[in-house]
Each structure stands twice: as C-alpha cells, then as structure tokens.
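> What follows is a structure written as structure tokens; I'll ask about it next.
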Amino acid sequence: MASTITGAGAGLGLSCSTTRKLTQKRNPSSSRLSFCSIKMAVSVGEEKKKKSFTLEKSEEAFSAAKEMMPGGVNSPVRAFKSVGGQPIVFDSVKGSHMKDIDGNDYIDYVGSWGPAIIGHADDEVLAALSETMKKGTSFGAPCLLENVLAEMVIKAVPSIEMVRFVNSGTEACMGVLRLARAYTGREKIIKFEGCYHGHADPFLVKAGSGVATLGLPDSPGVPKAATYETLTAPYNDIAAVENLFENNKGEICGIILEPVVGNAGFIPPKPEFINAIRRITEENNALLIFDEVMTGFRLAYGGAQEYFGITPDLTTLGKIIGGGLPVGAYGGRREIMEMVAPAGPMYQAGTLSGNPLAMTAGIHTLKRLQKPGSYEYLDKITSELVQGIIDAGKKTGHAICGGYIRGMFGFFFTEGPVYNFADAKKSDTAKFARFYQGMLREGVYFAPSQFEAGFTSLAHTAEDIQKTIAAAENVLRQI
C-alpha cells in the first residue's frame with residue numbers, strides 16, 4: 001500500500017490514500033593533538049551510562065578529519081551542511097540502534113542509507129561473513145556465490161533475466177546508461193529533476209528554466225559535452241516527457257528514473273505517471289530504466305516494479321543486495337544484457353565485482369526478507385511512525401506533510417502537496433534543521449537533510465516507534 005499522510009490540511013504527492021498495481025583550518029600541532037584524541041575516543045565500551053548529551057569526542061575527531069579528508073568526510077551529506085551543528089562520528093551499530101564515540105545511543109532511521117533493512121550487524125549475516133572470510137576476501141575470479149545471488153535476483157525482480165554485479169549504485173547507473181546507448185544506438189537520455197543516479201558526469205545535471213532545456217553541468221569539472229545529451233523534466237509531469245520526445249524524435253535512448261524518489265525527500269508517483277512513462281517509451285522504441293538502488297527489495301521483494309506492476313526494460317540495484325557491503329548491479333532483458341562484455345561489445349569491468357563478502361551478505365539478507373510477514377511488518381511500523389509524526393506536527397501547529405511505502409518514508413515542513421523537487425524545495429529547511437538537532441538530543445537519528453528519504457527495518461520495535469513519536473512531539477512543541 002502506497003500511503004500519503006497529511007497535516008495542516010495538506011497532502012504529499014498522491015491524491016488518494018492508497019494505490020496498487022498502476023496499470024575552517026587548524027595548525028599542524030593542533031592536528032597531531034586531534035590524532036591522539038581519536039585513539040582515545042574510538043572505544044566507548046567502558047562507558048556504561050551516558051551522563052548527558054555531548055558531542056565533544058565527535059568534535060575532536062571531526063576536526064582532525066578535516067585536516068586529512070575534504071570537508072572531513074567521504075560523502076558530502078555526512079558533514080551536516082544542511083542542518084548545521086556538529087557531525088556525529090559513530091562507533092558501532094546493532095539492530096535499529098547506533099552509538100557514537102561519545103556514548104550517545106540513537107534510534108536509527110538512515111540504515112546506512114538503505115541497506116540495513118533487516119537491521120544493523122545482523123547475527124546471521126555476521127556469522128556467514130565470518131565463515132566466508134576464512135576462504136578469502138576477494139578472488140578477482142569467479143566464485144560460486146555470484147551464481148547464488150544472481151539466481152535470487154533474477155527470480156525476484158520481474159525485469160531481470162540477466163544481471164551484472166558491480167560495486168556501487170553509481171557504477172550500476174553509469175553502466176546501464178552506456179548499455180542503453182549501445183543497444184539503441186541513440187545518445188540522449190531523459191532524467192527527472194531531483195532524481196539522483198550517482199555522481200557520473202552525465203547525471204550531474206541542473207534543470208533549466210524550461211522542461212525541454214538541455215542539461216547544464218551541476219558540478220565544476222563536468223564538461224558541457226558530458227551532459228549535453230541529458231534532458232530533464234519535472235517528476236510526475238507526463239506532458240513534459242511527451243514534449244521532450246516530440247522535440248527529439250529518434251534521438252532518445254530511454255528514460256531513467258527513481259520509481260519513488262528518495263533523493264529529494266520521499267516523493268511517490270502519481271497514480272498514472274509510471275504507466276504513462278511505460279507507454280511513451282514503448283511508442284518511441286526507447287528503453288525504460290528503473291533506478292531501484294534505493295527501492296529494490298525495499299518496497300517489495302521484487303522492488304518498485306513488483307509493487308506497482310510495471311516492468312521496465314532495465315533495472316539498477318544496490319544497497320540491500322549487498323547487505324551493508326559495497327555492491328551494485330544492473331540487469332534486464334537477455335537480448336539487451338548480451339550486449340555487455342564479454343558476451344557483447346559494450347565494455348564494463350570491475351576488480352572487486354562479485355566479491356565473496358558482498359555476495360554472502362546479500363544472499364543472507366535476501367533470505368531473511370523472504371520470510372512471511374516481512375513486508376507487512378515494515379508497512380505496519382512505518383505507517384505508525386509517519387502517522388505519529390504528522391499528527392504531532394499538526395497538534396503543535398506546524399505545516400507538515402508526509403508519506404510512506406513499506407520500509408521507506410519521508411516528511412516535509414510544508415503544506416504540500418509535494419509532487420516533484422520544485423514542490424519539495426518549498427519546505428521550511430530552517431525548521432527541519434531545528435527539528436533535526438532536537439531529535440538528535442532525544443536520541444533519534446534521521447538523515448541530515450530535508451531532501452532525503454528515511455528507512456525502517458525489521459529490527460525496529462514498537463518501542464522504537466513510540467519513543468520516536470514522543471520525541472518528535474516534544475521537539476515540535478519547542479521549535
């Protein structure tokens with residue numbers, strides 16, 4: 001069930017409640033002191049109780065990190081630029097909880113940005129990894145575990161008849177774009193504003209003022225030529241897509257989209273949108289590509305395409321299929337996938353692709369998801385969580401709207417409705433930052449951006465959900 005929950009008289013995305021089957025710098029000496037502080041801070045096992053909320057050790061560690069890594073992080077959102085305050089340095093994770101190096105404990109709704117759908121550091125997955133490591137961590141050659149996970153993915157995902165494993169979602173999307181161009185002999189691709197498909201040059205595009213505007217690079221270092229063939233349209237706008245095809249007849253290789261947007265906040269499709277996109281691609285002999293790096297095995301065992309009943313030509317996966325280890329994949333119809341080397345002429349390779357550790361974690365994660373009631377449980381707890389937060393927002397006088405599907409959710413501080421990235425940007429991001437910092441002090445960890453989806457897991461308990469709702473109401477009364 002795809003659900004929209006509203007507050008302050010507003011909706012998010014869908015107009016109905018349910019849809020289904022849609023036919024600073026430091027001197028060197030201070031840095032050395034910080035390095036020492038890291039060693040002192042890493043283990044927090046001796047601290048049996050946290051006396052008060054403090055991020056002193058995180059601040060020391062992060063100050064040192066900024067001397068060694070750009071911005072002190074290895075992925076930008078972790079730097080807390082959009083919410084302010086001190087980025088948190090974590091020490092350990094287990095189940096639905098995370099603990100930082102200051103000893104603070106948090107209920108986690110980031111889930112390592114999606115992979116931890118059965119919970120962090122699952123005992124069965126860790127045991128399987130331990131056994132696999134005894135045989136080696138990487139072969140650089142075929143291993144039987146690749147066959148096992150490949151078979152599981154092919155059986156689960158409607159569009160996939162053959163699959164190629166890679167090492168990240170970015171790599172998967174880069175590969176699938178090359179494949180789509182190779183198969184069709186066309187170069188132009190349509191993507192949607194607010195949809196993120198990794199940091200490969202063709203996808204780092206800022207939308208122009210018009211829906212048919214050619215893409216412009218959205219990052220220094222990306223040449224105009226790399227994005228010249230990237231066309232953009234607002235998400236949920238069928239007419240804009242039709243216009244792009246009309247103005248670029250016979251030149252578009254396909255459409256790539258997140259079937260449910262997660263990188264502009266949680267934005268579901270309108271009831272008719274994905275159906276129309278499928279029809280338009282078929283009419284124009286173009287390929288439909290679902291980027292299910294986030295939604296794959298999360299909305300349903302067969303991903304968004306199973307949930308909505310729409311089968312694309314190609315699919316990208318990641319996150320969950322590696323069970324928390326680096327992984328990615330792309331797959332689709334056999335006739336298209338046979339273009340990939342060495343079966344065909346489209347070249348793509350990877351040193352660590354299909355490594356035994358990622359395959360093992362993926363296999364055991366998917367096995368857990370196959371157990372009866374898994375997705376029903378995710379639906380239940382996520383519904384309670386989002387409804388509780390929206391109700392708390394409404395009760396305390398805030399404009400707020402939100403929604404969820406199974407183990408994926410989001411909310412915006414705006415009256416809504418939110419159908420696309422332009423709508424999402426109307427959200428009160430300053431208020432979200434205050435809410436975010438308040439929730440940290442309450443022991444709840446959301447993604448540090450208004451424009452990111454949240455995730456629940458099978459490890460979240462009813463107690464986790466009720467604590468989160470109570471914390472949200474407390475914080476919302478204060479801001």
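> Which length gain, in nm to one decimal place, applies between residue 351 and residue 54 when the Cα-Cα distance is subtracted from 0.36 nm times their residue separation?
Once the chain is fully extended between residue 351 and residue 54, it gains 102.7 nm.
> Starting from the Cα gyration tensor of segment 74-210, take the square roots of the eigenvalues, sort them a ≥ b ≥ c, and report rounded, prolate or oblate (rounded when a/c is under 1.5, otherwise prolate if a/b is larger than b/c, else oblate).
Oblate shape, in that a/c is at least 1.5 and b/c is the bigger or equal ratio.
> Another question, if that's okay. How would 334, 181 line up by accessible area, probe 1.4 Å, largest first? Working shown, then result.
Numbers: 334 110, 181 60 Å².
Output order, biggest surface exposure first: 334, 181.
> Leaving out ligands, DNA and RNA but keeping every protein chain, what accessible area does residue 310 have, in Å² rounded to the nearest 10, with a 1.4 Å probe?
Number for this one is 10 Å².
> Shifting gears a bit: Kindly sort 110, 148 by accessible area of their heavy atoms, largest first, with the probe set to 1.4 Å.
Largest to smallest exposure gives the sequence 148, 110.
> Here is a further query. Could you sort 335-347, 257-269, 455-467 so that the peptide with the highest average Cβ count within 10 Å comes first and the rest follow in order?
Highest mean packing first, the order is 257-269, 455-467, 335-347.
> Rounded, prolate or oblate for segment 377-479? Axes are the square roots of the Cα gyration tensor eigenvalues, ordered a ≥ b ≥ c, and the cut-off for rounded is a/c under 1.5.
Oblate, because a/c is 1.5 or more while a/b does not exceed b/c.
> Applying a 10 Å radius around every beta-carbon, put 193-204, 357-368 in order of their mean neighbour count, most first.
357-368, 193-204
> For Kirkwood radius over Cα pairs in Å, one of [x] 26.3; [y] 23.9; [z] 23.2 was computed from the structure I shared and the rest are decoys. Which label?
[z]
> With the other protein chains left in place, how much accessible area per residue, in square angstrom, belongs to segment 284-401 at a 1.4 angstrom probe?
32 Å²
> Helix-only estimate, please: 222 nm mean residue ellipticity of the chain, summing -39500 (n - 2.57) across DSSP H runs of length 4 or more and dividing by its residues, to the nearest 500. Don't jump to the answer; show the numbers that get you there.
Values: 15 runs with 172 residues, N = 479.
Roughly -11000 deg cm²/dmol at 222 nm, from the helical runs in the chain.
> Could I ask something else about it? In whole Hz, with x marking every Gly and Pro, tabulate ³J(HN,Hα) for segment 397-414 from phi via Karplus 6.51 cos²θ - 1.76 cosθ + 1.60, θ = phi - 60°.
Running phi through 6.51 cos²θ - 1.76 cosθ + 1.60 with θ = phi - 60° gives x, 9, 6, 7, 9, x, x, 6, 9, 6, x, 10, 8, x, 8, 10, 8, 7 Hz.
> Let me ask another. Rounded, prolate or oblate for segment 299-369? Axes are the square roots of the Cα gyration tensor eigenvalues, ordered a ≥ b ≥ c, and the cut-off for rounded is a/c under 1.5.
Here segment 299-369 falls in the oblate category.
> If R0 is 51 Å, what FRET efficiency do you get for residue 78 and residue 335 from their C-beta distance, rounded to 0.05?
Here the calculated transfer efficiency is 0.80.
> Using a probe of 1.4 angstrom, how much of the accessible area of the chain is carbon and sulfur, in percent?
Carbon plus sulfur share of accessible area: 53 percent.
> Karplus couplings for segment 148-164 from phi (6.51 cos²θ - 1.76 cosθ + 1.60, θ = phi - 60°), rounded to Hz, Gly and Pro as x?
My calculation for segment 148-164 gives 4, 5, 4, 4, 4, 5, 5, 5, 8, 9, x, 7, 9, 9, 9, 9, 10 Hz in order.
The values are calculated or read from the model by the stated rules, or taken from the named source; none is laboratory data. Computed from a predicted model, the values in this text were never measured in an experiment. FYI the Cβ positions are ideal-geometry reconstructions off the backbone, even for glycines, and counts take in every protein chain you see. Calculation scope for accessible area: heavy atoms of the full protein, side chains included, ligands and nucleic acids excluded. Shrake-Rupley method; radii C 1.70, N 1.55, O 1.52, S 1.80 Å.
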